[in-house]
Amino acid sequence: MKAKWFVKNIKGDFSDIAAHFNITPITARLLVNRHLKSVGEINEYINADKSELTDPSLLIDLTKAVNIIKNKIDEKKKIRIIGDYDVDGVCSTFILLDGLKNAGGIVDYDIPDRVADGYGLNKRLVEKAISENIDTIITCDNGIAAFEEIKFAKENGLTVILTDHHDIPTDGKIPPADTVTDPKIVGSEYPYNNICGAVVAFNLIRLYYKLFGINIDAENEYLPFAALATICDVMDLVDENRRIVKQGLPLIKKSENTGFIALLAATGLSAKTGPVSVYDCGFILGPCINACGRLENANIAMALFLAESMDEAKTIAEKMRDLNEERKADTEEGFNRASEIADSEEYIQDKVLVLYVKDCSESIVGIVAGRIKEKYNKPTIILTNAESGIKGSGRSIEAYNMFLELSKCKDLFSKFGGHPMAAGLSIVGDTLKEQEENLMELRTRLNANTTLAEEDLMPKIRFDMELPFIYVSEKLINEWNILEPFGAGNDKPMFAKRSVTLKSLRVLGKNRNAVKMNLCDGGEIIYEGIHFGPADDFLDELREKFGDGIIDTLLEQNGRIGDFANPLKMDIIYYPSINEYRDIRTIQFVIEYIR
């Protein structure tokens with residue numbers, strides 16, 4: 001797919017920054033590209049692993065909340081935590097449950113079923129709490145949009161402590177809970193509003209232990225869960241989130257939680273050298289937890305973290321790993337079917353993809369929508385024939401406010417919610433035939449009314465600077481450790497180089513998931529390059545640029561240097577890394593994009 005490349009052209013005094021922090025001007029420029037200019041900002045960023053976390057009492061209503069909870073614990077009242085079925089919800093629920101049990105509370109939990117209940121607090125859960133003589137409900141990672149449900153709970157005599165991190169409803173109505181803690185509420189003194197639900201829960205336990213002298217190190221116990229949730233909920237890794245993740249990641253392998261230990265073993269991460277990484281959390285641990293809520297029930301993940309014996313934890317962890325493998329297979333099947341529809345003659349011209357994948361599991365339509373959006377760089381809505389009718393999930397691109405555009409079609413929905421980049425919806429209609437007709441009407445309206453131009457559908461790729469290979473050394477790569485951890489809001493450094501010569505090609509892996517290259521960037525030195533990802537897709541890009549014959553000839557040479565009358569020149573975006581094989585360390589240039 002054609003893309004526009006942009007350099008991050010942010011001005012700064014690179015020489016002064018380099019001298020002050022004893023780093024290279026290249027690294028100084030990377031810091032400025034992350035909108036860090038003052039000595040104070042850069043010092044805080046670099047030393048996030050040593051910085052103190054923010055005072056939890058600054059969160060609105062949190063001091064009042066912990067005082068109410070303390071009274072309930074002293075009075076031996078029954079407390080129920082109600083969370084959510086994703087990683088953030090599970091981690092939030094565990095932190096509160098375990099934290100308050102350690103404080104002497106009579107505490108249990110309930111998590112909605114993704115299919116039967118949907119997201120967040122609902123009337124059935126409140127009625128269940130009433131029937132089971134629960135005195136107090138504490139929400140986590142949900143509740144700020146549950147006005148009617150919390151009103152119902154209060155009318156029936158329950159105390160409700162609301163903790164959440166989601167946006168305040170557009171009507172501005174705050175639920176009538178006894179306390180409402182959400183960093184996005186106007187008037188909150190907490191300086192960071194983009195934290196996840198588990199961090200709010202973590203702060204509640206920190207404050208409780210501090211105020212009431214609980215002799216347990218809350219940070220050591222619960223920071224690994226807060227870090228995992230921050231990564232998996234795709235929070236920007238800046239400010240407090242950066243501190244939480246940088247301090248929390250090394251603690252994951254040190255955790256004494258039996259479930260964590262078992263999950264690390266089941267996924268092979270316990271054998272990995274060094275601490276768990278952002279990638280490990282986002283693409284290995286997190287998906288295993290999410291797979292429970294998608295394919296069965298999030299109570300499986302809770303049971304893992306609450307397991308008392310290693311044998312029990314091992315059995316659950318292995319089941320979670322297997323569920324994730326099943327989820328990946330289902331996702332791949334759904335993605336392939338959605339791609340066939342998107343590539344068909346009927347849909348190829350649509351700027352907004354509304355795809356009806358009839359037998360796709362409703363629990364994975366959001367993942368499939370995200371992958372299709374990435375493939376075509378078009379706003380994408382995947383709909384399926386669920387138990388309760390046609391339901392779907394959407395993912396958008398920067399140039400398209402999905403929530404706003406879908407709001408113009410709300411007569412076609414029985415349920416609908418979301419934000420500019422994502423949405424969930426149920427199609428209205430008394431029969432499946434009516435729903436299918438309304439689905440097609442949705443596709444027609446969204447495409448007829450869109451103002452998206454072809455340029456909006458072209459991916460935008462941003463890199464830090466143009467950097468010749470000769471400037472890259474192992475010392476420089478190691479210097480970039482101060483920039484880690486990389487993730488949302490703190491991207492891995494990316495560099496461009498024009499007119500790189502392709503000298504050899506070799507496909508690696510039994511699944512053909514990497515392409516090894518030899519490259520030159522103007523001199524006599526030959527460098528090692530590699531592209532990670534489906535080899536055939538990358539080779540197709542090379543064939544489109546250079547022609548089938550030349551690329552096939554290079555492949556036949558299987559890594560030997562090719563010599564062509566006309567050098568194979570391409571522009572690349574890359575990042576350098578250290579490859580260690582049999583105790584030999586070499587620099588390799590990881591190729592992300594070519595043109």
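Counting just the residues of the stretch 23-41 that are closer than 22 Å to Tyr575 by Cα and surrounded by fewer than 16 Cβ atoms within 10 Å (Cβ to Cβ), which one comes out farthest from the chain's Cα centre (by Cα)?
Ranking the qualifying residues of the stretch 23-41, first place goes to Pro25.
Listed residues Asp491, Asp583; which is open to solvent by 70 Å² or more (accessible area, probe 1.4 Å) and closer than 30 Å to Leu228 by Cβ?
Selected residue: Asp491, the only one of Asp491, Asp583 that is open to solvent by 70 Å² or more (accessible area, probe 1.4 Å) and closer than 30 Å to Leu228 by Cβ.
For residues in the stretch 357-375 being over 20 Å from the mean Cα position of the chain (by Cα) and open to solvent by less than 40 Å² (accessible area, probe 1.4 Å), which is farthest from Glu455 (Cα to Cα)?
For the stretch 357-375, the residue satisfying everything is Cys360.
When you look at Ile461, is it farther than 30 Å from Lys358 by Cβ and assigned to a helix (DSSP H, G or I), yes or no?
No, not satisfied.
Is the stretch 383-390 home to any residue that is under 24 Å from the mean Cα position of the chain (by Cα) and under 18 Å from Asp167 (Cα atoms)?
Taking every residue of the stretch 383-390 in turn, none turns out to be under 24 Å from the mean Cα position of the chain (by Cα) and under 18 Å from Asp167 (Cα atoms).
Can you find a residue that is surrounded by 13 or more Cβ atoms within 10 Å (Cβ to Cβ) and over 30 Å from Met465 (Cβ atoms) anywhere in the stretch 537-551?
yes
Evaluate the stretch 335-355: report whether one residue or more is touching a helix residue (DSSP H, G or I) at 6+ places or on another chain (Cβ under 6 Å), within 28 Å of Ile300 (Cα to Cα) and either open to solvent by 80 Å² or more (accessible area, probe 1.4 Å) or not aromatic (Phe, Trp, Tyr) (or both).
The answer is no, given that none of the residues of the stretch 335-355 is touching a helix residue (DSSP H, G or I) at 6+ places or on another chain (Cβ under 6 Å), within 28 Å of Ile300 (Cα to Cα) and either open to solvent by 80 Å² or more (accessible area, probe 1.4 Å) or not aromatic (Phe, Trp, Tyr) (or both).
Step by step: first the residues of the stretch 512-533, then only those that are open to solvent by 80 Å² or more (accessible area, probe 1.4 Å) and out of contact with any strand residue (DSSP E or B) (no Cβ under 9 Å at 6 or more places or on another chain), then the one that is nearest to Val472 (Cα to Cα). Which residue is that?
Within the stretch 512-533, the match that is nearest to Val472 (Cα to Cα) is Ile525.
What are the residues in the stretch 497-510 that are surrounded by fewer than 21 Cβ atoms within 10 Å (Cβ to Cβ) and not charged (D, E, K, R), if any?
Listed by number, the residues that qualify are Ser499, Thr501, Ser504, Val507, Leu508, Gly509.
Within 30 Å of Val365 (Cα to Cα), among the charged types (D, E, K, R) and either part of a helix (DSSP H, G or I) or touching a residue at least 12 places away in the same chain (Cβ under 8 Å) (or both) - does that describe any residue in the stretch 263-285?
yes
Looking only at residues in the stretch 196-250 that are within 24 Å of Ile161 (Cβ to Cβ) and not in a helix (DSSP H, G or I), which one is least open to solvent (accessible area, probe 1.4 Å)?
If we take residues in the stretch 196-250 being within 24 Å of Ile161 (Cβ to Cβ) and not in a helix (DSSP H, G or I), then Cys196 is least open to solvent (accessible area, probe 1.4 Å).
Does at least one position in the stretch 462-483 carry a residue that is in contact (Cβ under 8 Å) with a residue 12 or more places away in the chain, open to solvent by 20 Å² or more (accessible area, probe 1.4 Å), within 23 Å of the chain's Cα centre (by Cα) and over 25 Å from Thr230 (Cβ atoms)?
yes
The values are calculated or read from the model by the stated rules, or taken from the named source; none is laboratory data. As the structure is a computational prediction, the values presented were derived from the model and not from experiment. Ideal geometry is used to build each Cβ from the backbone, glycine not excepted, and the neighbour counts take in all protein chains shown. Note: areas computed on protein heavy atoms with side chains; ligands, DNA, RNA excluded. Shrake-Rupley method; radii C 1.70, N 1.55, O 1.52, S 1.80 Å.
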